[in-house]
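The values are calculated or read from the model by the stated rules, or taken from the named source; none is laboratory data. Since the structure is predicted, the reported quantities are computational estimates derived from the model, not experimental observations. Glycine gets a Cβ as well: all are built from the backbone with ideal geometry, and neighbour counts include every protein chain shown.
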Amino acid sequence: MNLYDFYAELLEEHLSEDMSKEEIKSVIETPKFSHQGDLSFPCFQLAKKKRQSPAAIAAELAGSLSSSFLVKAEAAGPYVNIFFNGKTTGAEIMDGILSQEPQFGTLSFGKGKVITIDMSSPNIAKPFSMGHLRSTVIGNSIALLAEKCGFETIKINYIGDWGTQFGKLITAYKKWGDEEKVKANPIPELFSLYKKFHKEAEADPSLNDEGRRAFKLLEDGDPEVTALWNWFKSESLSAFEEIYELLGVSFDSYHGESFYNDKMGAAVELIKEKGLLETSEGAEVVWLDDKGLPPSLIKKSDGATLYATRDIAAALYRKKTYGFSQALYVVGQEQTIHFRQVFAVLEKLGMPWADQMVHIPFGLILQEGKKMSTRKGRVILLEEVLKEAIDMASSNIKEKNPDLENAEETARWVGTGAVIFHDLKNDRMNDIEFSLEDMLTFEGETGPYVQYTHARAQSILRKADMQEADHFTGLEDQESWELIKILNKYPEVIQDAYTNYSPSILAKYILAVSKAFNKYYGKTRILEENEDLHSRLLLVKSVTDILSDGLSLLGIKAPSQM
Ligand code: ARG
């Protein structure tokens, strides 16, 4: 039972000449304070139409509304406020929720459609940065939400494994590299070679030419250079794999930039055929002046291809391979212009699906107010953050619950849950100031707080003896009614979170469920033996189902004990 629909239908009986149900529904509000009722209908729009005062209309309407679900309807100035009977309405809502469990919140509007999600996509031979973490956890949650809405998803890890920087790295390795050192400590070692290259090239710019030549050799398939590159790549991938394992994220495709090396020729041909390729200062570009964008660089003067060329080839390939109805790119906002250029080129190529491409940007992780930069070394290593979070969770558990079984696994879930939740509870466009302390605070609006609430609810259920056939008969208290109203919103929240590509909507919602449950728990003796016991237990059961399902859609596990 959707309360907004209910109220809109009730009003429609009296207003059908003046407003449609949809119009009515769109203006209904939830009042700020509970003494103002459960829902409120403002009469301003109606007043204009009828040329009467809003207060007079509200008074008349309030007098004519009646339903067995309502305790009263009351005019308050220009508003008509309604008060539900929490017991009967709550029972109706809970019957609906319980009859759908464990599918409550599952939607079907995505059925039969494929969504590709370009996400994570770290660069080989470089540390996995906090920015890549954001792409990984936001992308993963959007994929899970899409699946909950019925879509088929293809999660693509578009590894950064191609481009002039690998020519530079190979040059640096050949000059200063040490095989044993790289083997012992691959990413930090390769990364410091890369940094050394940049430092040396400042004094000796001819190094840059050497780097470019090495990349050209790689593009042309030179065996020695290719072998080095393959080695760097496999070392990097196994380091990334450890992080994905900790985060519990997996991919359907690892086709990175290099996969498109042999597919870019055809893409460049196509651009040429359409007469879009023009020479500018030796390089070949597609002009995008008419879109108010800088030209898209397709080929450098030495023939080397670019980041944009690869993204164009990849989009063409993905459309052909997956037949997506939408292609999402979860990539930091600093690449906004790049994606607008890529999508504009596809449009100019006459691809009717160019408007199905969506860049989903997100803000930066700042350190003391400044952007992190890999090259300048101002970067926090994600693996250290995760490990520290797990350690903290572990000592917390040892202190609070020393006999817990699976303590190690639980600490991993809680530690990574803290890191993931800290990211997802923020609107994705916000910059986040990096603070290990904030992230790892196990109180307040955090992942561990939600996980703990879930475990507490589970423990109540363990103590109780629940029967399959128990029936929700209704509860009288205000706290249970407030909780039920929130639980009832779950499907809308899923839809909102997905359509806005905004896991934070879901994260904020499960915080609200947790708070409402803890309030209820603080006021009520849930396990007390009386006629309402079964209803209370069913309510607790619903809370655990929604919290664990909600957390799972954020990519976070919900331990049943903590
Ligand atoms: N590897 C890139 C980086 O770390 C991100 C790739 C994003 N995806 C894409 N299709 N361009 O900046």
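Tabulated data for the structure shown
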{"read-out": "Output for segment 507-557, where each listed residue is more than 22 Å from LEU107 (Cα to Cα) and not in a helix (DSSP H, G or I)", "value": "THR524, ARG525, ILE526, LEU527, GLU528, GLU529, ASN530, GLU531, ASP532"}
{"read-out": "Condition met for GLU224 (away from the ligand (no atom under 16 Å from the Cβ), without any contact (Cβ under 8 Å) to a residue 60 or more places away in the chain and within 28 Å of the chain's Cα centre (by Cα))", "value": "no"}
{"read-out": "Residue selected from segment 312-339 under the condition closer than 17 Å to MET264 by Cα and of a type in the set (D, E, K, R), by the criterion farthest from the ligand (Cβ to nearest atom)", "value": "LYS320"}
{"read-out": "Filtered residues of segment 35-47 (kept if in a helix (DSSP H, G or I) and in contact with a strand residue (DSSP E or B) (Cβ under 9 Å, 6 or more places away or on another chain))", "value": "GLN36"}
{"read-out": "Among (1) basic (Lys, Arg); (2) free of Cβ contacts under 8 Å to residues at least 40 places away in the same chain; (3) crowded, with 17+ Cβ neighbours inside 10 Å, the one test that LYS348 misses", "value": "(2)"}
{"read-out": "Selected residue (only one of SER238, SER135, SER141, SER192 is within 15 Å of the ligand (Cβ to nearest atom) and assigned to a helix (DSSP H, G or I))", "value": "SER135"}
{"read-out": "Failed condition for VAL182, given (1) part of a helix (DSSP H, G or I); (2) touching an Asp or Glu at 6+ places or on another chain (Cβ under 7 Å); (3) within 26 Å of ASP427 (Cα to Cα)", "value": "(3)"}
{"read-out": "Which listed residue is part of a helix (DSSP H, G or I), surrounded by fewer than 20 Cβ atoms within 10 Å (Cβ to Cβ) and within 16 Å of the ligand (Cβ to nearest atom), from LYS233, LYS199", "value": "LYS233"}
{"read-out": "Lone unmet requirement of (1) free of Cβ contacts under 8 Å to residues at least 60 places away in the same chain; (2) β-branched (Val, Ile, Thr); (3) away from the ligand (no atom under 16 Å from the Cβ) for THR309", "value": "(3)"}
{"read-out": "So GLY163, is it at positive phi and either among the basic types (Lys, Arg) or touching a Gly at 6+ places or on another chain (Cβ under 8 Å) (or both)", "value": "no"}
{"read-out": "Long-range neighbours under 6 Å by Cβ, at least six apart or interchain, first residue touching a residue at least 40 places away in the same chain (Cβ under 8 Å) within segment 323-339, second part of a strand (DSSP E or B) and not β-branched (Val, Ile, Thr)", "value": "ALA327/MET357; TYR329/ASP118; TYR329/HIS359"}
{"read-out": "Verdict on LEU293 being closer than 16 Å to LYS272 by Cα, touching a Lys or Arg at 6+ places or on another chain (Cβ under 9 Å), in contact (Cβ under 8 Å) with a residue 40 or more places away in the chain and more than 10 Å from the ligand (Cβ to nearest atom)", "value": "no"}
{"read-out": "Given (1) within 21 Å of LYS557 (Cβ to Cβ); (2) within 31 Å of the chain's Cα centre (by Cα); (3) modelled with pLDDT under 95, index of the condition ARG462 fails", "value": "(2)"}
{"read-out": "Index of the failed condition, VAL268 passing every other in (1) β-branched (Val, Ile, Thr); (2) closer than 18 Å to ASP311 by Cβ; (3) out of contact with any Lys or Arg (no Cβ under 7 Å at 6 or more places or on another chain)", "value": "(3)"}
{"read-out": "From SER40, SER34, residue being over 30 Å from LYS320 (Cα atoms) and surrounded by fewer than 17 Cβ atoms within 10 Å (Cβ to Cβ)", "value": "SER34"}
{"read-out": "Checking ASP161 against (1) out of contact with any strand residue (DSSP E or B) (no Cβ under 8 Å at 6 or more places or on another chain); (2) of a type in the set (Asp, Glu); (3) touching a residue at least 12 places away in the same chain (Cβ under 8 Å); (4) under 25 Å from GLU384 (Cβ atoms), the condition it does not meet", "value": "(1)"}
{"read-out": "Subset of segment 272-322 that is in a strand (DSSP E or B) and hydroxyl-bearing (Ser, Thr, Tyr) - its residue that is nearest to MET357 (Cα to Cα)", "value": "SER296"}
{"read-out": "Test: residue in segment 100-115 that is away from the ligand (no atom under 16 Å from the Cβ) and in a helix (DSSP H, G or I)", "value": "yes"}
